[in-house]
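Asks: Below is a structure I'd like to ask you about.
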């Protein structure tokens, strides 16, 4: 029997806490695991009922995701033996690979538009948030409210005016158009979140830098910005997740040129309807950049770097 | 190093007059202490000189130049903040180098290294140079923030209660050290405090502030011996000056209130007072007396014993007289 301690939880508390955390993690991870597994199933296994937990893994979904294929006659197939392992997989359906699919292109569109709009949202949001936090902006409260009011309805509610505007401005189905659109949606979130973070940074640091011989802008990027890193990182994650996953506007405004991955993935057609393993494979690959970005930013999220250097 | 002249400077925040028509000259090489309780306008005065606050009216001249529209950087002042304000994302060395690397100074690297090492020696923090600013104790942070001013050679040093968060021993050490540095370099220094020991020991001039106004400005001795009002008299001296109705003592009085510092009360004859208790502080003994229901504090011989309830006789020596409003009359 150990003695009571305020700071050190008892063994039983630790077990209960561990059990709860693991249970929660398992529940939230089931859909992810499902997608991951489906990507390695054959089309038949993917739609079998009851769902198969144990199955023969195959890369068929991934091959189908990245390639376009055509059906060929037996003579052609016999005359041309398979070139590689991917070829071999598609041969079982009497098909040959004739080229890459659109997935790579769509994925790159997502990267350009997602990261582009995140960068722009953070860049503009940080400057605006700093101004709102530090300067006497006329009608500050009203402006902040207007900025937030763009979030008070679902973005799709303005889909038709935006559709018409984009068509008239020649922004439809362009990367720039989508970057501007997602920046427009994200900037209110960015300004509000970042203003909160910058408000927390004491003004004394900038004042010290001003006295130390720096201009207001130098003080901003040498002193304020490094301390806002935590806030910028978490805001960037939110902005990226929105832009990365956005579906409705992407369906409406993009097609041949700037289409992103979300509207593309569910349209991957295989034999006899949707090719579920290929869709799941696309979804799996689609998850990776956001995961990597979040992991990279995690150390900023966990570190409270301004703690304790100004006496309150 | 330069002379700084304030002429009729004022600053209000809303309805609050933080600084109310202050005029003073800080001579080149002087160590001027602004003394006053919280809210008297000490910090605002510093911020007006540094350019962190904009003047409502009046002028500030540094080295003969009107700096009214200059930025803090252009004014070439160094400031130590009460809240340390060390850059938390930098090491101690980077913090100390920061002002030297500014676009205005652009100091060469070997010069920076030399100055930073020199200042860290003075402030006894050379072993902490590579620590993050956030890994220091409060006292160490405060020393680094003083160091960040000392690496420079500005027109004037502005210090806002720089020693207030240090422990007693370090405070005493740094008090001597700051005074020595200032005297060696011939720096002009404006120093804000509410600690009268700091004011008395370091200052060449003391300015006493009350509600945003400069009520008296002079040498420490002058302020102590010739206070212009009860307020000023109460700012300096420990134990505090006794302010009593003159009628408690016999003889002619020049005003209705009599001000007696503890050392200006002589025992042996005069009015009767009852001993409440004696406080033995080692180097001095404070005697708390009851004089006709008025509390009086005086100093007595350390080795004499005064039991509670004993009745002694006291009389004033070189008293100060004040009128009913608190203004000095003699």
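Asks: Mind grabbing the base-10 log of I(q)/I(0) for the range B:166-254 at q = 0.10, 0.18, 0.26 Å⁻¹? Debye formula, identical points on the C-alpha positions, no solvent, two decimal places.
Replies: Here the Debye-derived log intensity ratios amount to -0.34, -0.89, -1.36.
Asks: Given bins 20 angstrom wide, list per bin the percent of all Cα-Cα distances in the protein assembly as shown, short to long.
Replies: 14, 31, 27, 17, 9, 3, 0
Asks: In percent, what relative contact order does the range A:104-267 have, based on Cα pairs under 8 Å that are 6 or more apart in sequence?
Replies: On the way: 163 pairs, mean separation 67.9, N = 164.
Once normalised by length, the contact order is 41 percent.
Asks: Taking Cα atoms, how many degrees apart are the long axis of helix A:140-149 and the longest axis of chain A, rounded to 10 and kept between 0 and 90?
Replies: Approximately 10 degrees, to the nearest ten.
Asks: What full-extension length gain, to one decimal in nm, is calculated for residue A:123 and residue A:92 as 0.36 nm per residue of separation minus the Cα-Cα distance? Don't jump to the answer; show the numbers that get you there.
Replies: Working: separation 31, 0.36 × 31 = 11.16 nm, distance 5.14 nm.
That pair, residue A:123 and residue A:92, stretches by 6.0 nm at full extension.
Asks: To continue, here is another question. Gain in length, residue A:256 to residue A:216, computed as 0.36 nm per residue apart minus the alpha-carbon separation, to one decimal in nm? It would help to have the intermediate numbers written out before the result.
Replies: Details: separation 40, 0.36 × 40 = 14.40 nm, distance 4.61 nm.
Result for the pair: 9.8 nm of gain on full extension.
Asks: Using helices alone, what [θ] at 222 nm do you get for chain A, with -39,500 (n - 2.57) per DSSP H run of 4 or more residues, divided over all residues and rounded to the nearest 500? The partial results should precede the final answer.
Replies: Working: 15 runs with 197 residues, N = 312.
Counting only the DSSP helices, I get -20000 deg cm²/dmol.
Asks: Using Stokes-Einstein with the Kirkwood hydrodynamic radius over Cα pairs, what translational diffusion coefficient do you get for the range A:104-267 at 25 °C and a viscosity of 0.890 mPa s, in µm²/s rounded to a whole number?
Replies: Working: Rh = 17.1 Å.
It diffuses with D of about 144 µm²/s by this estimate.
Asks: Measuring from label point to label point, each 7 Å out along Cα→Cβ, what is the residue B:118 to residue B:137 span in nm?
Replies: That separation, rounded to one decimal, is 2.8 nm.
Asks: Taking every pair of Cα atoms in chain B, average 1/r, invert it to obtain the Kirkwood radius, and report Rg/Rh to two decimals. Don't jump to the answer; show the numbers that get you there.
Replies: Numbers: Rg = 23.2 Å, Rh = 22.0 Å.
Rounded to two decimals, Rg over Rh is 1.05.
Asks: Follow-up. If you take each beta carbon of peptide B:51-63 and count the beta carbons of other chains within 10 angstrom, what is the mean?
Replies: 1
Asks: Looking only at B:283, B:66, B:76, which one moves most when chain B is put into a Gaussian network model with springs between Cα atoms under 10 Å?
Replies: B:283
Asks: Can you figure out the FRET efficiency of residue A:135 with residue B:211, using R₀ = 35 Å and their beta-carbon distance, to the nearest 0.05? Numbers along the way, then the final one.
Replies: Numbers: r = 30 Å, r/R0 = 0.85.
Calculated value: 0.70.
Asks: Please list the radius of gyration and Dmax for the range B:139-192, considering alpha-carbon atoms only, with Å as the unit.
Replies: Reported Rg and Dmax, both Å: 10.6, 30.
Asks: Got the relative contact order for chain B handy, in percent, Cα pairs under 8 Å and 6 or more residues apart? Walk me through the numbers on the way to the answer.
Replies: On the way: 689 pairs, mean separation 58.5, N = 330.
Answer for chain B is 18 percent.
Asks: Further, regarding this structure: How much length would be gained if the chain were fully extended between residue A:267 and residue A:238, taking 0.36 nm per residue of separation minus their Cα-Cα distance, in nm to one decimal? All intermediate terms of the calculation are to be shown ahead of the outcome.
Replies: Values: separation 29, 0.36 × 29 = 10.44 nm, distance 2.65 nm.
The residue A:267-residue A:238 span can extend by a further 7.8 nm.
Asks: Right, another one. Per residue of B:82-94, what is the mean number of Cβ atoms on other protein chains within 10 angstrom of that residue's Cβ?
Replies: Working: counts 2, 9, 6, 13, 6, 10, 13, 10, 4, 0, 0, 0, 0.
Average per residue, whole number: 6.
Asks: Please check which bits of the range A:257-300 a label hung off residue A:30 would reach, taking the label as a point 7 Å along Cα-to-C-beta and the cut-off as backbone N under 20 Å.
Replies: Taking a point 7 Å out along Cα→Cβ of residue A:30, the residues of the range A:257-300 whose backbone N falls under 20 Å are A:280, A:284.
Asks: On a 0 to 90° scale, report how tilted helix B:168-185 is relative to the longest principal axis of chain B, with both axes built from alpha carbons and the result rounded to the nearest 10.
Replies: It works out to around 60 degrees.
Asks: Now for a different question. Could you tell me, in Å, what Rg and Dmax come out for the Cα atoms of the range B:242-322?
Replies: 12.3, 37
Asks: Also, I was wondering about something else. Using all C-alpha to C-alpha distances in the range A:59-101, build P(r) with 5 Å bins and read off the rounded percent in each one.
Replies: Bins of 5 Å from zero give 5, 26, 38, 21, 9, 1 percent of pairs.
Asks: Efficiency by 1/(1 + (r/R0)^6): what FRET value for residue B:225 and residue A:152, r their Cβ-Cβ distance, R0 = 51 Å, to the nearest 0.05? Write down the numbers at each step before the final one.
Replies: Values: r = 70 Å, r/R0 = 1.36.
Taking R0 as 51 Å, the efficiency between residue B:225 and residue A:152 is 0.15.
Asks: A further question on this structure: Given a cut-off of under 8 Å on Cα pairs at least six residues apart, what relative contact order in percent is computed for chain A?
Replies: Working: 327 pairs, mean separation 80.7, N = 312.
Reported relative contact order: 26 percent.
Asks: Related question: Suppose R0 equals 41 Å; then what is the FRET efficiency for residue A:245 and residue A:11 from their Cβ-Cβ distance, rounded to the nearest 0.05? Working shown, then result.
Replies: Working: r = 41 Å, r/R0 = 1.01.
Taking R0 as 41 Å, the efficiency between residue A:245 and residue A:11 is 0.50.
Asks: Label-point separation (nm) for residue B:8 and residue B:313, each offset 7 Å from Cα along Cα-to-Cβ?
Replies: 5.7
Asks: Let me ask something else about it. Could you work out which residue, out of B:194, B:288, B:280, moves most in a Gaussian network model of chain B, that is, has the largest mean-square fluctuation with Cα springs under 10 Å?
Replies: So, out of B:194, B:288, B:280, the one fluctuating most is B:280.
Asks: According to a simple spin-label model (label point 7 Å from Cα along Cα-to-Cβ), what is the distance in nm between residue B:184 and residue B:301?
Replies: 4.5
Asks: Another question, then. Given the rule -39500 (n - 2.57) for each run of at least 4 DSSP H residues, summed and divided by the residues of chain B, what is its mean residue ellipticity at 222 nm, to the nearest 500 deg cm²/dmol? Provide the component values of the computation, followed by the final result.
Replies: Values: 9 runs with 83 residues, N = 330.
Helix contribution divided over all residues of chain B: -7000 deg cm²/dmol.
Asks: Could you state the angle between the C-alpha long axis of helix A:103-134 and the longest principal axis of the C-alpha atoms of chain A, as a value from 0 to 90 degrees rounded to the nearest 10?
Replies: Its long axis makes an angle of about 10 degrees.
Every number here is computed from the coordinates shown, using simple stated rules; none is lab data. Here the structure is a predicted model, which means the values were calculated and not measured. Cβ: placed from backbone, ideal geometry, glycine included. Neighbour counts: every protein chain shown.
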